[in-house]
Structures are given as C-alpha cells and as structure tokens.
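**Student:** Handing you a structure now.
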Amino acid sequence: MKMKEVEGKKEKERWFQIEKLYYDNNIVKAFLYATIFWAFTGFLVGIILSLMLFSPNLPEIFFGHNLKYENGIMGFGRLRMIHTTTVIFAFIGNIIFTGSYYSLQRLLKSRMYSDILSWIHFWGWQIFILLSWITFLLGINTSKEYAEHEWPLDIMICIIWIIYGINMIVTILKRRIKHIYVSIWFFIGTWVSVSILHIFNNLELPISFFSLKSYSIYAGVQDALVQWWYGHNAVAFILTTPILGLMYYFVPKASGKPIFSYKLSIIHFWSLIFIYIWAGPHHLIYTAIPAWAQMLGTIFSIMLIAPSWGGMLNGLLTLKGTKINKNHILKYFVLSLTFYGIATFEGPMLATKKLNAIAHFTDWIIAHVHIGTLGWNGFMAFGVIYWLVEKLWNTKIYSKLYANIHFFIGTLGIFVYVIPMYWSAIRQSKMWKQFNDDGSLTNKNFVKSVISLIPYYKIRFIGGLLYMLGMIFMIYNIYKTIKQGYFIKNEACKSITDSKKEFEVETFHNWLEKKPITFFLLSLIVVSIGGIVEIIPNMIIKSNTPTLTSVRPYTPLELEGRDLYIREGCNGCHSQMVRPFRDEVVRYREYSKAGEFVYDHPFLWGSKRTGPDLAREGGKNPSSWHFQHMYDPRSTSPGSIMPRYPWLIYRKLDKSKTLLKMKVMKKLGVPYLEKDIENAYNYIDRQAGLIEKEIYKESPEIKQQINFQKKVYGKKFFPLKEREIIAIISYLQRLGKDIQGIE
C-alpha cells in the first residue's frame, strides 16, 4: 500500500507493509501476579518489624521458652534484610518487569524476542527471591545494605539480569519502529547501570567453592564508598529510573495525552543518569571517607534536584486538563509524582552538611525512604496494576469505589507513617546533642532517647496497617475484576513496518534513537564517569586511607564473633562510626579514623542508630554485662527495645571454617602469619577460656546456671567457652581498642 504525505513544502513517500503479530500477555500476567503477592508479603514483614520496635518480645509470643533453640529465625536483623529485599527486588522488581514486558512489545511493535527467555527470567527471579528468604532466615548474608545476598545468589542475579537484557536488546534490534521511545531509554539506562553496580559492589572471595561464606574484596573506607555508590544507586536505578520508564508510558496511556515535552524528556534522561551515579558519598558525610569524596557527593546530590523535578513536571503537566477526580487511575499517578518530587527535594537537602548532621542515623532517613517506596514507587505500581488489569482482561474495574477507598486509605497510611518519623527524628537528634551547663550530656544514657520514641513507633505501626488495609481493598478489587473479565493471552496487533527510509532533517537525538547499540554504549559511558572518578582514586592513592600502626588484625575468635554479628544483622541497628561532633566524642570517645578499618571485610559502619554506636564498645562494659544483655537486654538496659538473642548462649560455635576464613583474609591483604593460621584453634581456646573465667568471676550466678545445664544435658553439654556468645563478646570487647593508645 502506497501513501503520500505532504508537510508544507516537503513531500515524502512512505511504503507500508501490513502484517499481523501477537503480543505475549502471559508473561505480563505472571509478573503482575508476582508483584501483588510479593508486595503484600513485603509489607506484612514491614508491619511485623514496626511492631517489634515497641514490642521486642514478639518472637517469644511465637516461640515461648523455645526461643533459645530457634536459632534466630525471628531475629530483627534477619527480618529487616527480608523486608528490604522483598520490597526492592520482589515488589518493585516485578512491577518493573510487568510494565517493561507490556510496554516494550507495544512501543517496538514486536513480540518479545524469546518466550523461553521471558519465562526463564520470570521463574529465575522468583526463585532468587525465595532463596533470599531462606538464606536470610538462616543468617547467611554479607551485611551490605540492599546487597546482603551471598555469592551464589549474586551470580544468580547477574545471570537472570543478563537474560532479561538479552531479551530486551534483541527485541529492540528486531523492532518494527525506527525510533525508540523515552520509556525504553530509561529501561536501557537501568539495565546498563544495574549491571555495573551489581558486579562491582559484589566482588567477593568465597572461603571455599562448597561454602556460602565470602568476604568482600574491598576493606573499610573503600568498601564503604563502593557499597554506598551501589546503595544510593540501587535507589536511583531500581527504584527510580525504571519507574520513570513506566511513568513515561502509562501516564500518557491512562490520560489519553502525549507526554508534555519531548525535549524535556531528553534533558531529564541524560542529566539524571549522569548526575545520579556521583551522589553515593552523601550517605557517608562526616565519616572517615576522604573529604573530597564527601564534597562531590553533596554537590551532585544538590544538582539532582533539576533533572528529578524536570521529570516530575513532565509527568504532572501531561496530566494537566484531565479529569483526575473522575479517573481512579490518574489519582495514583498524580500522587506518585508528587511524592517523587518530595523525595527528590528532600534527598539533596539531606546531603547538605548542616541537615545531614541533624538527620543522619535518625528516623528522618526512615521517613525519607518510605516517602519514596510507599508514595512514589507504591502508588505508581498501583496505578499501573489497575490500568493493566482492565487491558489484559478486556474489562472495566470491578469497583471504582474500592479503588478510591484504596487510594485514600493508602494516602492516609503514608502520612500517618512518615509524620511521626519526622518528629521522632528531631527529638532523637536533640536528645543526642543536648548538653547541660556544666558541659555534660543531658541524656548520657542512650536508652532515654529510645524510650521517648516509643509513642511515635506506635503511630508509625498504625500508618503501616492503614497502607496494608488499602492494599487489601486493591487485591479484592483486582480479583473481582479478573473474575468478570476474559484474559487476552495473545493480543493481536497490526504492525507497520517501514520499507523505505524517510528523508528528513534529523537532530542528533533523533538519529541516536535509531541506533540502539550506540545508545547502549553512550549510556554506559555516561553512567561510568562518576564511578570512575570517585572510586578509582580511593583504590590506588594510599593517602586516601592512611594506616595506623596500632591497628592489628582480628584474632580467630574475634573474626568468628564478627561473622556472628554479621549473621544477626546487628549493623542494621547499630552504627560503628563516631563522627567528629562534640556530643559524639563525649558520648562514644575519639572520632573514627580511616586507618581503623583496613582489615574490615566488609565494613560495618551501619546507617541507623536504633541502638547506640558501638565503634568504641571495647572495655566499656564487662563481659558478663554483654552476656546478660544478649540474653535479656532489658535486664541491663531497662526500657531497651532490643530483642533477645538467647540462641547465642545455647549454640555451639562452629569453628570448622576458621582456617579457611583466615586464609581468604590473608589473600585479601590481612597480615596473618602462617603460624597464626596453624595455631588458630589454640588461640581460640585460650581467648575463649579467659573470657569465660572473666564472666564467672564477675557473675557467679552465670556459672551456677551453666553448671545446672551440665547436669541437665549430660553428654550433650558443652562448656560456655565453646559457645557463640563468647565469640561475639570477644568481637564487641575488641571494638575501638586499637586506637585507645593514640586518643
């Protein structure tokens, strides 16, 4: 069929070939179901965690006296890892794949390259999430925030991500539309960036091919910089750029209007992926990383406001003139974009030194994160789900009333959740920093600030329940909508394929949109610049990490104790980084130095102070205090919200891999001598024996309890010095001691 077009003085001829193709909706449906399931599950775990913040005895309600034998399955640190992984990778990850598989086919007028690859991707991703649950519940993790998975799962993620990339790239290459639309730019940028971030952040050395345990190849300051280069950009390139890709497709579709500005889209995309990658160090302001890296993090974080708000305005102005009050889907998109604007204004502000000094380590960060996840990500996902269900099942929503109830309850839930966190953060910071006239801390006991926050945590819990209730309305509404509709398994579409080139004047970006491989490579270059400039100097310039001669490697027992600390996710509630503030130095002693952490694989600085900082914990309390504190924190710290860890007292320390751990550490640069490794078990026995004697001397009643256990357990009994609690006490008593002589 020949068609002639006249545009002013220009005349063009185009030949079109009409052919039939079918979009694969089955894979979209599968990811849609997975999104809803994991969203509900992730929020449920979040509610359990928020309940534990004012009811730390919750695990005992489930296990009773058997808590000491359940090996930490209900440990707060482990559940926190499950919550973040489920929300980020399961809920948000699955909605990204749902929306991208649906939109890619229609934007490219092509079915996905391979149905087999699509299903390998789907099942591989769900199995990875399930394995994450299993490993985290068992205490198998690396402690690195948002990247806690051990090395086999890291490899699995990488393989699945590559499969998704191959399927997407080949589909783009065999497209029937010359230009690639803005949504696809964001999907490309996401795939490229996440690939780089995941690979380089998760470079680790397993202690054995047959062991799940590994150690990061980076140490201390270097590890912190790489981790938050990843951690911040997990927010950027998992929770932001692909969601923007969905926004650029589904907002115009739902509103029936084209995106407000194509030029603004171009500026938004390229400036966002270039600037975002530099902002990671703003998570480490006032820490031991080099000052120049902190400065770059702050500068680029502030610059992020421009492209972020450019994207927000592009979405909101697209909706200008639409009847939002009569459209149940557009409500979600409007509020989602509004929360995006709030979060992307608040983030750069938190990167300034003045505000960071107040807010960091407090509940303000929790509020900020949940504005993004519940508001920006959650509401965008809900809008996409409502829109897709109607299209895939060729029907109308079962109840607009239920959709509106979900919207209003969910919105109320977000505000009830985050507002108490802002107030509690201000209270926290003020109590931490308050001094008496004589120069002493007003609230020297950290637990005072914790107790004062409990009312806010209760309100926060109610907010989470409201958000969850709204989602229950959505699930029922979706179920009834599906029941009344008819699923379109293979959706027919007439595709238009150009058979001749257009003769027209093009801009560079018009040309680039026709060259997907060039687009990929340019995205790779733009994304890589920030990482190269910030990270490589810290790897090769020794002056960025000055050494301290007093710092020595961990003893074998301390190394085992540190691994137990990692297993339980203790760094999720305790920081190990004393900042150079008067209140912190008075409370915790000497501020942290870069050279202290040269043997820390991985670093354990933490990002939240639900409990006090532990960087200088060594020698602060007697060993018997730590024993009692782990068994029942409220016996030593009345009012503490820390859950109990009795299994540490009843479990025997597994020393079977100690030599392998030390050998790997030596390969990573820790100066263990051969005799240190050969005599490791003797060292463990000697140090453990000394700690055991110390505990018995300080608290004879503990010795009586252990002797009683000896009578009860008979041959199954093993002495206190062989238990996990001794190892973790050895680690806690070591913290900060290396620099005590140079304070």
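The values are calculated or read from the model by the stated rules, or taken from the named source; none is laboratory data. Computed from a prediction, not measured in an experiment: that's the story for all the values here. Ideal geometry is used to build each Cβ from the backbone, glycine not excepted, and the neighbour counts take in all protein chains shown. To get the accessible areas, we keep the full protein, side chains included, count just its heavy atoms, and leave off ligands, DNA and RNA. Shrake-Rupley method; radii C 1.70, N 1.55, O 1.52, S 1.80 Å.
**Student:** Looking only at the stretch 210-231, how many residues end up being farther than 27 Å from V527 by Cβ, open to solvent by 30 Å² or more (accessible area, probe 1.4 Å) and modelled with pLDDT of 95 or more? Give the derivation first.
**Tutor:** Just the residues of the stretch 210-231 that are farther than 27 Å from V527 by Cβ, to begin with: 210-213, 215.
Then drop every residue that is not open to solvent by 30 Å² or more (accessible area, probe 1.4 Å), which leaves 210, 212-213.
Among the residues that remain, those that are also modelled with pLDDT of 95 or more are: 212-213.
The total comes to 2.
**Student:** Would you call S301 open to solvent by less than 20 Å² (accessible area, probe 1.4 Å) and part of a loop (DSSP other than H, G, I, E, B)?
**Tutor:** no
**Student:** I need the full set of residues from the stretch 47-73 which are within 20 Å of the chain's Cα centre (by Cα) and without any contact (Cβ under 8 Å) to a residue 60 or more places away in the chain, in order please.
**Tutor:** I48, L49
Residues are listed down the side, and each one gets a yes or a no for (1) closer than 29 Å to I385 by Cα; (2) buried (at least 21 other Cβ atoms within 10 Å of the Cβ); (3) out of contact with any Cys (no Cβ under 7 Å at 6 or more places or on another chain):
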{"residue": "N25", "(1), (2), (3)": "yes, yes, yes"}
{"residue": "A30", "(1), (2), (3)": "yes, no, yes"}
{"residue": "I36", "(1), (2), (3)": "yes, yes, yes"}
{"residue": "F40", "(1), (2), (3)": "yes, no, yes"}
{"residue": "V45", "(1), (2), (3)": "yes, no, yes"}
{"residue": "L49", "(1), (2), (3)": "yes, no, yes"}
{"residue": "F54", "(1), (2), (3)": "no, no, yes"}
{"residue": "N57", "(1), (2), (3)": "no, no, yes"}
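**Student:** Within the stretch 334-355, how many residues are within 17 Å of M471 (Cβ to Cβ) and not aliphatic (A, V, I, L, M)? Explain how you work it out, then say what you get.
**Tutor:** Step one: filter the stretch 334-355 for residues within 17 Å of M471 (Cβ to Cβ), giving 335-336, 339.
Checking the rest, the ones that are also not aliphatic (A, V, I, L, M) come to 336, 339.
Total meeting the criteria: 2.
**Student:** Return yes or no: is D654 assigned to a loop (DSSP other than H, G, I, E, B) and open to solvent by 50 Å² or more (accessible area, probe 1.4 Å)? Spell out the reasoning first.
**Tutor:** Working: assigned to a loop (DSSP other than H, G, I, E, B): yes; open to solvent by 50 Å² or more (accessible area, probe 1.4 Å): yes.
Criteria met by D654.
**Student:** Test K693 against the criterion of being open to solvent by 50 Å² or more (accessible area, probe 1.4 Å), touching a Gly at 6+ places or on another chain (Cβ under 6 Å) and under 21 Å from G618 (Cα atoms), and give yes or no.
**Tutor:** Working: open to solvent by 50 Å² or more (accessible area, probe 1.4 Å): yes; touching a Gly at 6+ places or on another chain (Cβ under 6 Å): no; under 21 Å from G618 (Cα atoms): yes.
No, not satisfied.
**Student:** Still on this structure: Among V527, V551, V578, which is in a loop (DSSP other than H, G, I, E, B), in contact with a helix residue (DSSP H, G or I) (Cβ under 7 Å, 6 or more places away or on another chain), of a type in the set (A, V, I, L, M, F, W, C) and more than 21 Å from N356 (Cα to Cα)? Lay out the reasoning, then the answer.
**Tutor:** Working: V527 fails: in a loop (DSSP other than H, G, I, E, B); V578 fails: more than 21 Å from N356 (Cα to Cα).
Result: V551 is the single residue among V527, V551, V578 that is in a loop (DSSP other than H, G, I, E, B), in contact with a helix residue (DSSP H, G or I) (Cβ under 7 Å, 6 or more places away or on another chain), of a type in the set (A, V, I, L, M, F, W, C) and more than 21 Å from N356 (Cα to Cα).
**Student:** Looking at the stretch 719-727, is at least one residue out of contact with any helix residue (DSSP H, G or I) (no Cβ under 6 Å at 6 or more places or on another chain) and over 24 Å from R567 (Cα atoms)?
**Tutor:** no
**Student:** Residues of the stretch 235-270 being closer than 27 Å to L284 by Cβ, open to solvent by 10 Å² or more (accessible area, probe 1.4 Å) and either modelled with pLDDT of 95 or more or in a helix (DSSP H, G or I) (or both), which ones?
**Tutor:** Result: V235, W270.
**Student:** Follow-up question, since we're still on this one. Does L44 count as within 30 Å of the chain's Cα centre (by Cα) and modelled with pLDDT under 95?
**Tutor:** On the way: within 30 Å of the chain's Cα centre (by Cα): yes; modelled with pLDDT under 95: no.
Criteria not met by L44.
**Student:** To continue, here is another question. Select from the stretch 442-494 the residues that are over 31 Å from the mean Cα position of the chain (by Cα) and assigned to a helix (DSSP H, G or I) and write down the one among them that is surrounded by the most Cβ atoms within 10 Å (Cβ to Cβ).
**Tutor:** T481
**Student:** Looking at (1) in a loop (DSSP other than H, G, I, E, B); (2) under 24 Å from the mean Cα position of the chain (by Cα); (3) farther than 30 Å from L51 by Cα, which is the only condition G124 fails?
**Tutor:** Among (1) in a loop (DSSP other than H, G, I, E, B); (2) under 24 Å from the mean Cα position of the chain (by Cα); (3) farther than 30 Å from L51 by Cα, G124 violates only (1).
**Student:** Being open to solvent by less than 20 Å² (accessible area, probe 1.4 Å) and at pLDDT 95 or above: is that true of L104 here? Give the steps one after another, and end with the answer.
**Tutor:** Working: open to solvent by less than 20 Å² (accessible area, probe 1.4 Å): yes; at pLDDT 95 or above: yes.
For L104, the condition - open to solvent by less than 20 Å² (accessible area, probe 1.4 Å) and at pLDDT 95 or above - is met.
**Student:** Which residue out of I61, I92 is of a type in the set (V, I, T), modelled with pLDDT under 95 and part of a helix (DSSP H, G or I)? Let's see the steps before the verdict.
**Tutor:** On the way: I92 fails: modelled with pLDDT under 95.
I61 is the lone residue from the list that is of a type in the set (V, I, T), modelled with pLDDT under 95 and part of a helix (DSSP H, G or I).
**Student:** Identify, from the list Y332, Y340, the residue that is in a helix (DSSP H, G or I), among the hydroxyl-bearing types (S, T, Y), over 20 Å from I365 (Cα atoms) and modelled with pLDDT of 95 or more. Walk me through it before giving the result.
**Tutor:** Details: Y340 fails: over 20 Å from I365 (Cα atoms).
So the residue among Y332, Y340 that is in a helix (DSSP H, G or I), among the hydroxyl-bearing types (S, T, Y), over 20 Å from I365 (Cα atoms) and modelled with pLDDT of 95 or more is Y332.
**Student:** Now for a different question. Name the residues in the stretch 478-523 that are at pLDDT below 75 and among the basic types (K, R), would you?
**Tutor:** Residues satisfying the conditions are K494, K500, K501.
**Student:** If a residue has to be more than 14 Å from K480 (Cα to Cα) and surrounded by fewer than 24 Cβ atoms within 10 Å (Cβ to Cβ) to count, how many in the stretch 393-408 make the cut? If you could, list the steps in order and put the result at the bottom.
**Tutor:** Going through the stretch 393-408, the residues more than 14 Å from K480 (Cα to Cα) turn out to be 404-408.
Applying the additional criterion that residues be surrounded by fewer than 24 Cβ atoms within 10 Å (Cβ to Cβ) yields 404-405, 407-408.
Of the residues in the stretch 393-408, 4 are more than 14 Å from K480 (Cα to Cα) and surrounded by fewer than 24 Cβ atoms within 10 Å (Cβ to Cβ).
**Student:** From the list G372, G310, G383, which one is under 28 Å from A39 (Cα atoms), part of a helix (DSSP H, G or I), open to solvent by less than 40 Å² (accessible area, probe 1.4 Å) and out of contact with any Ser or Thr (no Cβ under 7 Å at 6 or more places or on another chain)?
**Tutor:** None of the other options fit; the residue is G372.
**Student:** Restricting attention to the stretch 555-604, and to residues there that are of a type in the set (F, W, Y) and farther than 28 Å from I82 by Cβ, which single residue is most open to solvent (accessible area, probe 1.4 Å)? If you could, list the steps in order and put the result at the bottom.
**Tutor:** In the first step, residues of the stretch 555-604 are kept if they are of a type in the set (F, W, Y); the result is 565, 581, 588, 591, 597, 599, 603.
With farther than 28 Å from I82 by Cβ added as a condition, the list becomes 581, 588, 591, 599.
Details: F581: 30, Y588: 10, Y591: 91, Y599: 47 Å².
For the stretch 555-604, the residue satisfying everything is Y591.
**Student:** Just the residues that are open to solvent by 80 Å² or more (accessible area, probe 1.4 Å) and either within 30 Å of Y386 (Cα to Cα) or within 25 Å of the chain's Cα centre (by Cα) (or both), please, taken from the stretch 420-441. Please lay out each step first, then the result.
**Tutor:** Step one: list which residues in the stretch 420-441 are open to solvent by 80 Å² or more (accessible area, probe 1.4 Å), which gives 423, 426-427, 430, 437-438.
W423, I426, listed by residue number.
**Student:** Mind listing whichever residues of the stretch 59-80 are open to solvent by 10 Å² or more (accessible area, probe 1.4 Å) and among the hydrophobic types (A, V, I, L, M, F, W, C)?
**Tutor:** Result: I61, F62, F63, I73, M74, F76, L79.
**Student:** Among the residues of the stretch 202-212, are any among the aliphatic types (A, V, I, L, M) and assigned to a helix (DSSP H, G or I)?
**Tutor:** Initial filter on the stretch 202-212 (among the aliphatic types (A, V, I, L, M)): 203, 205, 207, 212.
Now narrow it down to the ones that are assigned to a helix (DSSP H, G or I): none.
No, the stretch 202-212 contains no residue that is among the aliphatic types (A, V, I, L, M) and assigned to a helix (DSSP H, G or I).
**Student:** A further question follows. Name every residue in the stretch 288-298 that is touching a residue at least 60 places away in the same chain (Cβ under 8 Å) and open to solvent by 20 Å² or more (accessible area, probe 1.4 Å), in order of residue number.
**Tutor:** If the condition is that a residue be touching a residue at least 60 places away in the same chain (Cβ under 8 Å) and open to solvent by 20 Å² or more (accessible area, probe 1.4 Å), then L296 is the only one that fits.
Per-residue answers, yes or no, for (1) closer than 27 Å to I536 by Cα; (2) among the polar types (S, T, N, Q); (3) without any contact (Cβ under 8 Å) to a residue 40 or more places away in the chain:
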| position | (1), (2), (3) |
| --- | --- |
| V251 | no, no, no |
| S261 | no, yes, no |
| L264 | no, no, no |
| H268 | no, no, no |
| F274 | yes, no, no |
| L284 | yes, no, no |
| L319 | no, no, no |
| G341 | no, no, yes |
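**Student:** Still on this structure: Search the stretch 517-553 for residues being buried (at least 20 other Cβ atoms within 10 Å of the Cβ) and not aliphatic (A, V, I, L, M), and hand back the single one that is farthest from G280 (Cα to Cα).
**Tutor:** Among residues in the stretch 517-553 that are buried (at least 20 other Cβ atoms within 10 Å of the Cβ) and not aliphatic (A, V, I, L, M), the one farthest from G280 (Cα to Cα) is F519.
**Student:** I285 fails exactly one of the following numbered conditions: (1) of a type in the set (A, V, I, L, M, F, W, C); (2) under 30 Å from E596 (Cβ atoms); (3) open to solvent by 30 Å² or more (accessible area, probe 1.4 Å). What is the number of that condition?
**Tutor:** For I285, the failing item is (3).
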